[in-house]
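Below: one structure, written as structure tokens.
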Amino acid sequence: MTTLSNHVPDPRLITAFAERREGPLHRVNPWTKVGIVGALVLAVTVADRLVLLAGLYGAVLLVYGISGLPFGRLVGWYTLPLLFIVSVAGPLAFLEPGTPVGGALATPVSELSVTWAGLALFGELTFRSLTVVTFTLTASMTTKYTDVAYMLGRLLPRPIDQIALLTYRFTFVMIETLEDLVKAALSRGANLSEFWSNKRLYGRILGMTMLSAIEGSERLVKSMESRGYNGDITLYGDVPRPPLSELAVVVGAYVAVVGYGAVAVYGVTV
């Protein structure tokens, strides 16, 4: 449903791209993608220059485009991380000392102004967040579900891996239930374009979704137990080790990040 996926990543669309599309990144070993995600998280944590962070984000966007993934959807899915960035990094842009940009805003306490250092800090936090979010979405949209389930079973301890697998599968049921409730409300003349004027209707829809989810989960548990479920979802897939070429790329990425952090950040000299 478009209204649910414009600003929130739709797991059905992500799964469809992973299962039905074929691109360069689809052929990359899933373990390699996990390794690159870790290297990117380390890179955006260590990097302290706006130009370098912008370059990392540009490289990730290039990989996203080469993989044949939709940029239009990505722009809409940026809504949630951008809200987090604005709420956290926005105030920091006013508190960072430095040369003001334009005039100052008078307040009862003191004058507030955005400085060039504050803008640079805002840009750094934005690129850090969007880089990881973009590549995580790219990896999710180019990795089949069986591979994801296998890696969750290998990476996460029990029972967290079982909870993650069941949550992912039950997400589709939740979305279908929410869509049915929204369609029923729209068919009765409801207007969902404004939140505050329809907050009670939103509350009823969310409440009914939660009740339906609880009832559905109870039925799901009973049906699984009747089929012999004992707390372990058996996975028949297998993800082999990455080839040497991909392994070299992952190792090289970690060496480059650690080397940059040691030399440029901590001043280690050989």
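Estimated from the Cβ-Cβ distance and a Förster radius of 51 angstrom, the FRET efficiency linking LYS199 and LEU244 is about 0.35. The modelled label-to-label distance between SER113 and ASN6, using points 7 Å beyond Cα along the C-beta direction, is 3.9 nm. Residue separation of ASN230 and ILE160 scaled by 0.36 nm, minus their Cα-Cα distance, works out to 23.7 nm of gained length.
For the chain, the per residue solvent-accessible surface stands at 61 Å², with DNA, RNA and ligands left out and a 1.4 Å probe.
Seen from a random direction on average, the alpha-carbon convex hull of the chain projects onto 20.8 square nanometres.
A straight chain from ILE66 to LEU83 at 0.36 nm per residue would run longer than the Cα-Cα distance by 3.4 nm. Okay, helix-only estimate at 222 nm for the chain: each DSSP H run of n ≥ 4 adds -39500 (n - 2.57), divide by all residues, round to 500 deg cm²/dmol; what do you get? Mean residue ellipticity, 222 nm, calculated: -22500 deg cm²/dmol. Taking a Cβ cut-off of under 12 Å around ILE14, the surrounding Lys, Arg, Asp and Glu residues balance to a net charge of +3, with basic ones at +1 and acidic ones at -1. With contacts taken as Cα pairs under 8 Å and at least 6 residues apart, the chain reaches a relative contact order of 29 percent. Largest GNM mean-square fluctuation across THR99, THR146, THR171, computed for the chain with C-alpha springs under 10 Å, falls on THR99.
Note on the chain: with neighbouring protein chains present and a 1.4 Å probe, carbon and sulfur make up 67 percent of its accessible heavy-atom surface. Residues whose amide H lies under 5 Å from that of VAL114, counting only those 5 or more places away or on a different chain, are VAL101; hydrogens are built 1.01 Å from N in the peptide plane.
What shape does the range 1-80 have by the C-alpha gyration tensor, where a ≥ b ≥ c are the square roots of the eigenvalues, rounded means a/c under 1.5, and otherwise prolate means a/b greater than b/c and oblate the rest? Oblate, since a/c reaches 1.5 and b/c is not below a/b.
What residue among GLY118, GLY207, GLY58 shows peak mean-square fluctuation when the chain is described by a Gaussian network model with Cα springs under 10 Å? Among GLY118, GLY207, GLY58, the largest GNM mean-square fluctuation belongs to GLY207.
For the pair the range 236-261 / the range 50-73, the C-alpha centres are spaced 20 Å from each other. In the complete set of protein chains, residue-level accessible area for GLU246 is approximately 40 Å², probe 1.4 angstrom.
The values are calculated or read from the model by the stated rules, or taken from the named source; none is laboratory data. Keep in mind that what you see is a predicted model, and the values were worked out from it rather than measured. Note that we place each Cβ from the backbone using ideal geometry, even for glycine, and neighbour counts take in every protein chain shown. Surface accessibility is based on the protein's heavy atoms, side chains included, excluding ligands, DNA and RNA. Shrake-Rupley method; radii C 1.70, N 1.55, O 1.52, S 1.80 Å.
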